[in-house]
Amino acid sequence: MSGKRDDLNDIQKEALESLKESLIANNTLFGGDNESSSSSSIRIWGVELTKNSLDEKKEEIVLLKFLRARDFKVDASEKMFIDCIRWRKEFNLNELMEETFPSQYDESLGYIHKTDKEGRPLVINVYGGLDNDAVFGNLDQFLRWRVQLMEKGIALLDFNNNIEDMVQIHDYRGVKGSSMDDKSKAASKATIRIMSDNYPEFMARKCFVNVPWYFAGVFAIFRPLLSDRTLSKFVVCSSSDMSPLLEFIEKDVLPEEYGGTNRSSPSKRVLPSDRDDDDAATEVVIDARKRHVASLVVSDKDIVVNWEYRTIENNIGFSIEFAATAEAEREVIHEYSRVDSHLKAQTGSWTATGKGTCYFIWDNEFSIMSKKTVQFRTAALQIK
């Protein structure tokens with residue numbers, strides 16, 4: 001069962017009723033500690049909640065979002081709901097919707113664009129070519145703009161007709177590791193925290209497009225931390241194949257830059273190319289009976305080391321070693337094996353345990369006569 005209002009099992013129905021009863025009994029919640037001007041009601045996402053209205057469709061849809069987010073554990077769902085209501089008051093949501101923002105927060109940074117095949121709003125966020133100081137320098141201002149965009153998308157939903165979530169497209173064209181400075185990482189962490197704490201179950205799909213080459217390695221690290229339900233909402237597209245988006249977005253609706261035919265996208269920013277010089281592959285020719293070693297400095301622990309390589313013809317031996325200092329004994333972090341990298345590009349990632357140097361070793365010593373051409377890229381990214 002999906003846990004949505006029209007698809008509940010008996011246990012989920014019981015949890016919904018228990019949450020209603022608990023909220024009705026919470027005199028503090030309905031006694032004025034909320035964002036509404038009324039002391040006996042709570043207004044959230046355009047829905048007015050009162051002690052006498054919790055059986056209505058829209059009200060139940062709101063409560064079920066918190067229940068699904070907490071696996072239908074009533075106490076945890078109630079706490080999340082109450083914390084969300086208090087945050088909305090502290091964040092001053094009523095005034096937020098009337099606020100205007102400087103030009104760096106225009107539609108080239110994020111905008112709402114029509115709907116998918118099921119009538120769900122499309123929210124598009126663009127990350128390439130940003131001036132990090134201008135966009136993220138004032139973190140509070142950025143967060144208020146980001147929350148306002150989210151609330152604008154929610155305002156387009158139609159709970160009465162079961163349209164209760166959105167589709168997000170995150171465009172990473174032109175993004176590279178060096179653009180992830182402290183300001184952008186702080187903004188990303190704060191945004192994720194606000195959205196996960198206060199906007200549960202609003203994402204029908206989360207699409208990552210024009211992803212950089214090292215995205216797969218970084219994603220592999222976080223994948224075990226995500227639930228199957230969350231992973232099922234993810235769609236990942238490279239710059240060369242946007243076709244997965246057309247499975248749920250009409251071609252005449254999807255912006256031209258994402259493989260559709262719609263030219264009404266309001267984005268004004270001139271984006272950099274999807275591959276910058278820093279991300280270009282290095283090509284080396286390794287003679288028979290020889291090997292090639294490339295090094296990558298790791299500046300701190302928890303740095304995510306990523307690699308990608310392919311051979312033009314024939315297989316190659318590959319391994320990775322790590323050493324804290326030039327004099328230290330090397331630790332094998334990727335065991336040697338012969339890889340058919342001429343058939344498929346090889347990618348991987350490893351989270352460093354401390355400062356040091358990674359040594360990427362392509363080994364052609366087993367070959368008697370054949371040279372091997374290897375194209376490779378490596379990157380060290382500070383994610384946390």
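Coordinate-derived values only; no laboratory data. Source: prediction; values computed, not measured. Counting neighbours? That spans all protein chains shown, and the Cβs are built from the backbone with ideal geometry, glycine included.
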Please give the net charge around residue 356, taking every other residue with its beta carbon less than 12 angstrom from that of residue 356, where Lys and Arg add +1 and Asp and Glu add -1.
-2
Euclidean distance between Cα centres, region 1-27 to region 45-95, Å
12
With point charges of +1 on the Cβ of Lys and Arg and -1 on the Cβ of Asp and Glu, referenced to the Cα centre of region 281-382, which listed residue (381, 342, 322) lies farthest in the positive direction of the dipole?
342
Under 15 Å between alpha carbons, and skipping anything fewer than 8 positions from residue 355 in its own chain: which aspartates and glutamates qualify?
300, 302, 321, 327, 329, 331
Output for region 75-155: trypsin sites (Lys or Arg not before Pro) sitting in coil per DSSP, at most 12 other Cβ within 10 Å, listed by number, reads 117
Convex hull projection area averaged over all views, the chain, Cα basis, nm²
22.3
Range of Cα positions in region 113-210 per principal axis (Å), largest first:
44, 27, 18
Tabulate in residue order the Karplus-calculated ³J(HN,Hα) for region 308-315, using 6.51 cos²θ - 1.76 cosθ + 1.60 with θ = phi - 60°, rounded to whole Hz; enter x for Gly and Pro.
8, 7, 8, 10, 6, 9, 6, 7
Distance from region 134-210 to region 305-384 (C-alpha centre basis), Å:
35
Against the globular-protein guess of 2.2 N^0.38 Å, express the Cα radius of gyration of region 281-382 as a ratio, rounded to two decimals.
1.07
Which value, in Å to one decimal place, does the Kirkwood hydrodynamic radius take for region 42-179 when every pair of different Cα atoms is included?
17.0
Can you tell me the relative contact order of the chain? Whole percent, Cα pairs under 8 Å, sequence separation 6 or more.
14
Final fewest-first order of 97, 180, 369 on the 10 Å Cβ neighbour count is 369, 97, 180
Compute the signed sum of charges (Lys and Arg +1, Asp and Glu -1) over the other residues within less than 15 Å, Cβ to Cβ, of residue 372.
0
Take the chain, mark every one of the GluC sites (Glu not before Pro) that falls in a DSSP loop and has at most 14 other Cβ within 10 Å, then report the longest stretch left between them, sites excluded.
119-249
Name the lysines eligible as straight-distance cross-link partners of residue 183: C-alpha to C-alpha under 19 Å, and not fewer than 8 places from it in the same chain.
384
Calculated from DSSP helices alone, with each H run of at least 4 adding -39500 (n - 2.57) and the total divided by the residues of the chain, [θ]222 nm to the nearest 500 comes to -8000 deg cm²/dmol
